[in-house]
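First comes the structure, then the notes that go with it.
Derivation of every value follows stated rules applied to the coordinates shown; laboratory data play no part. Note that this is a predicted model, so its numbers are computed, not measured. FYI the Cβ positions are ideal-geometry reconstructions off the backbone, even for glycines, and counts take in every protein chain you see.
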Amino acid sequence: MNDRKSELAAGLAAVRERIDRACDAAGRGRTSVTLIVVTKTFPAEDVRLLAELGVRDVAENRDQEAAPKAAACADLSLNWHFVGQLQTNKARSVLSYADFVHSVDRPRLVRALSEAAGASGREIGVLLQVGLGDAAGASGTRGGVAPTALPELADAVAGAERLRLAGVMAVAPLSGAYAGRPSEAFERLREISTGLRAEHPGASMVSAGMSADLEEAVTAGATHVRVGSAVLGHRLRLR
Ligand SMILES: *Cc1c(COP(=O)(O)O)cnc(C)c1O
């Protein structure tokens, strides 16, 4: 193994161990949590090495960076997750490589993705990003739909052609009532997911938890954790 590959192998092993321990502590099966490695700011070569090390799911947050990277890795069997704020004019490009979009937070974006999916002949999984900006339900600065507006947005996705309502996503808020309280934030997300699944049983994905708070997310029922720096190292550019 070259140096970088050993570095990534060590990062992956450490993160997988953290996930396993959190699953054990929560009485959950270890296969109930999928690791998505967030490769933003890192090159396609790293994605290739990660695939060789058994990674099957990767995520990006900017289309300008993700599109060429995914194209360079088109020969690999990977699921590509888009997790960043998304402008409607990027929907077509994102549809050319993404299998899931985690950051759907408004009806206009639903329409744009559905149209792009129709044009490309593909189907994608859609997660609704929930804003947990404050306990009262207003969406926060990290984006996302307010919990009160979520049922209507879910119905829009469910009714849109070629979009599959896959679940919910959240980022632990940096401000507001949940600031510094990721466990409470992720428990709230769990409640929201339970409510959503009562109406849309197929929407079973709960995407929550990053390098700093993946244990809290697993404890609160996350099915997918999105981990970047704990696997790949520090990013040079802050995102
Ligand atoms: C960058 C990013 C992550 C991963 O963050 P780390 O702290 O590096 O693990 C997860 N989710 C989203 C939406 C991101 O933009």
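Please report how far the C-alpha centroid of the stretch 174-191 lies from that of the stretch 120-134, rounded to the nearest whole angstrom.
Rounded to whole Å, the Cα centres lie 19 Å apart.
Given R₀ = 22 Å, what would the calculated FRET efficiency be for D75 paired with S6, taking r from the Cβ atoms and rounding to 0.05? Write down the numbers at each step before the final one.
Details: r = 23 Å, r/R0 = 1.06.
Here the calculated transfer efficiency is 0.40.
How large is ³J(HN,Hα) for each residue in the stretch 25-31, as worked out from phi by the Karplus curve 6.51 cos²θ - 1.76 cosθ + 1.60 (θ = phi - 60°), to whole Hz, x for Gly and Pro?
Calculated HN-Hα couplings, in order: 4, 8, x, 10, x, 5, 8 Hz.
Under a 5 Å amide H to amide H cut-off, with H placed in plane at 1.01 Å, what residues pair with M205 once short-range neighbours are removed?
Answer set, sorted by chain and number: G167, V168.
Enumerate the amide H contacts of V38 below 5 Å, restricted to partners 5 or more residues apart or on another chain; note that Pro and chain-start residues carry no placed amide H.
Hits under the 5 Å cutoff: A59, V227, G228.
Classify the chain as rounded, prolate or oblate, taking a ≥ b ≥ c as the square roots of the eigenvalues of its Cα gyration tensor: rounded when a/c is under 1.5, otherwise prolate if a/b is larger than b/c and oblate if not. Mind showing how you got there, number by number?
Working: a/c = 1.66, a/b = 1.13, b/c = 1.47.
Here the chain falls in the oblate category.
Restricting to DSSP H runs of at least four residues, report the calculated mean residue ellipticity at 222 nm for the chain, -39500 (n - 2.57) per run over all residues, nearest 500 deg cm²/dmol. Don't skip to the end; give the middle numbers.
Numbers: 9 runs with 99 residues, N = 239.
Result for the chain: -12500 deg cm²/dmol, rounded to the nearest 500.
Using the Karplus equation 6.51 cos²θ - 1.76 cosθ + 1.60 (θ = phi - 60°), what ³J(HN,Hα) coupling, rounded to whole Hz, does each residue of the stretch 83-100 give in order, writing x for Gly and Pro?
Rounded to whole hertz, the list is 10, x, 5, 10, 8, 4, 6, 9, 4, 4, 5, 4, 5, 6, 9, 7, 9, 9.
Name the shape class, rounded, prolate or oblate, that the alpha-carbon gyration tensor gives for the stretch 19-84, where a ≥ b ≥ c are the square roots of its eigenvalues, rounded holds for a/c under 1.5, and otherwise prolate holds if a/b is larger than b/c and oblate otherwise. Don't skip to the answer; put the middle values down first.
On the way: a/c = 2.88, a/b = 2.02, b/c = 1.42.
Taking the square roots of the gyration eigenvalues as a ≥ b ≥ c, the stretch 19-84 is prolate.
Rounded if a/c is under 1.5, else prolate if a/b is larger than b/c, else oblate: which is the stretch 28-150, with a ≥ b ≥ c the root eigenvalues of its Cα gyration tensor? Don't skip to the end; give the middle numbers.
Working: a/c = 1.95, a/b = 1.34, b/c = 1.46.
Oblate, because a/c is 1.5 or more while a/b does not exceed b/c.
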